[in-house]
1. Does the range 93-118 hold any residues that are of a type outside the set (D, E, K, R), assigned to a helix (DSSP H, G or I) and within 11 Å of the chain's Cα centre (by Cα), and which are they?
2. Does the range 54-75 contain at least one residue that is modelled with pLDDT of 95 or more, touching a Leu at 6+ places or on another chain (Cβ under 6 Å), on the phi < 0 side of the Ramachandran plot and open to solvent by less than 50 Å² (accessible area, probe 1.4 Å)?
3. Can you tell me which residue is farthest from Phe238 (Cα to Cα) among those in the range 76-92 that are in a helix (DSSP H, G or I) and open to solvent by less than 40 Å² (accessible area, probe 1.4 Å)?
4. Looking at the structure I just gave you, is Ala180 modelled with pLDDT under 95 and either in contact with an Asp or Glu (Cβ under 6 Å, 6 or more places away or on another chain) or within 21 Å of Ile57 (Cα to Cα) (or both)?
5. Given the structure, is Val219 in contact (Cβ under 8 Å) with a residue 12 or more places away in the chain, part of a loop (DSSP other than H, G, I, E, B) and buried (at least 18 other Cβ atoms within 10 Å of the Cβ)?
6. Consider the range 43-53. How many of its residues are at pLDDT 95 or above and of a type in the set (Ser, Thr, Tyr)?
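The values are calculated or read from the model by the stated rules, or taken from the named source; none is laboratory data. This structure is a prediction, so every number in the text was calculated from the model and none was measured. Positions of Cβ are backbone-derived with ideal geometry, glycine not excepted, and every protein chain shown enters the neighbour counts. Ligands, DNA and RNA are stripped out before the accessible areas are found, and what is left, the full protein with its side chains, is counted by its heavy atoms. Shrake-Rupley method; radii C 1.70, N 1.55, O 1.52, S 1.80 Å.
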Amino acid sequence: MNRRHMMAPAAGLALLAAGPAAAQTRSQETGIGTLDRIIRDKKIRVTAEVTSPPFGILGRDGQPDGSEIETARQLARDLGVEVEFVQVTAPQRIPALLSGRADIAISSLSITHDRAKTVMFASPHGALSIVIAGPQRTQIRSAADMAGKRIGLTRATLEEATVPRLAPQGTNIVFFDDIAATIQAMLSGQVDAAGMSAFAARSVADRNPRASIENKFTVTTAFYGAAIKPGDYDLLQFANTWVFLNKQNGVLGRIYQEKTGVELPTLPVI
C-alpha cells in the first residue's frame, strides 16, 4: 500500500474526531460565520411573535413589546448592534429561523425533545406554565373533566404538545393558527376552554373582566430559550455566555419581573 492510500483513512478519522468544530471551521473557510456577519452588519434579525402576552405584544405605539421583545433588544445592545424584528406566528418561529429569515428565535420557545431535533437551544432564560383556562361557568377542575368539552389549542406550541396527551377520550380538541384566534374562540364561546400560558390567561382575564376567565388546572411548567440554526456554533456560544452573564447581573430577572409581574425562577443550564 503506497503512502497516499495510507494517509486517506487517517485523514477521514481526523475529520470524524473533530466533529462539529471541524464543520464550523470549514463553514468559516468558505464564508463569514453568523456571529461575525451580525457584528459586521451591525444588525441581528430576531423573531417577534406579538400575539402572545406577556412575551410578545404590540404596544400602544404599534411597536413590538413584551418580555421576549425586551430580551431581544438587550441581546442586541450587548452585541452593539441594531435589532430587526421578523414578525411571526407561533407555527412560523422555527421555519423563519431555518429558512434564514431570522438569525435567532427569541419567542418563548419551550425546550422540547422534538424541537431539539431541528434547532440548537441556548440555556433557558425564562419559564412558563401551561394551564387550561375558561369561563367560571365551564366545569373543569382536572384533565378528566375535559371529556365532552371543546378545548382550544394553538398550533406549534407547548400546549399542543402536552394537552392532547392527557386529554381523556371524548375531548374535542380544536386547533387554531395563533393565540389570538384561540383566545377569541374562548371568549366567543366557540370553545369551552383553552390551553395557553398562565401569563396569557391572566392577561385575558384582566382585559375581559365580564368573561370571568379563570385557570382550571396547570398542565405543565417548562423552560424556554433562544433557538439557533444548526451549525451556528459561534452564535450559540455567545448566546450561552450572554445568558450566564445576564443571570448573574440580574438583567434577565429584571426584564422578566417587569414584563410578567412575577419573579424569575431558578433557571437550569444546558
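1. Passing the criteria: only Ile94.
2. Scanning the range 54-75 turns up no residue that is modelled with pLDDT of 95 or more, touching a Leu at 6+ places or on another chain (Cβ under 6 Å), on the phi < 0 side of the Ramachandran plot and open to solvent by less than 50 Å² (accessible area, probe 1.4 Å).
3. Looking at the filtered set, the residue picked out is Ala90.
4. Here the answer is yes, as Ala180 does meet what is asked.
5. Spelling it out, it is not the case that Val219 is in contact (Cβ under 8 Å) with a residue 12 or more places away in the chain, part of a loop (DSSP other than H, G, I, E, B) and buried (at least 18 other Cβ atoms within 10 Å of the Cβ).
6. The qualifying residues number 1.
To keep it simple, each residue is scored yes or no on (1) without any contact (Cβ under 8 Å) to a residue 24 or more places away in the chain; (2) in contact with a strand residue (DSSP E or B) (Cβ under 6 Å, 6 or more places away or on another chain); (3) open to solvent by less than 20 Å² (accessible area, probe 1.4 Å); (4) among the charged types (D, E, K, R).
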residue: Leu128; (1), (2), (3), (4): no, yes, yes, no
residue: Val131; (1), (2), (3), (4): no, yes, yes, no
residue: Gln139; (1), (2), (3), (4): yes, no, no, no
residue: Ala147; (1), (2), (3), (4): no, no, no, no
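A quick yes/no check of all residues on (1) open to solvent by less than 30 Å² (accessible area, probe 1.4 Å); (2) in contact (Cβ under 8 Å) with a residue 40 or more places away in the chain:
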position	(1), (2)
Thr162	yes, yes
Asp206	no, no
Ala227	yes, yes
Phe238	no, yes
Thr260	yes, yes
Glu263	no, no
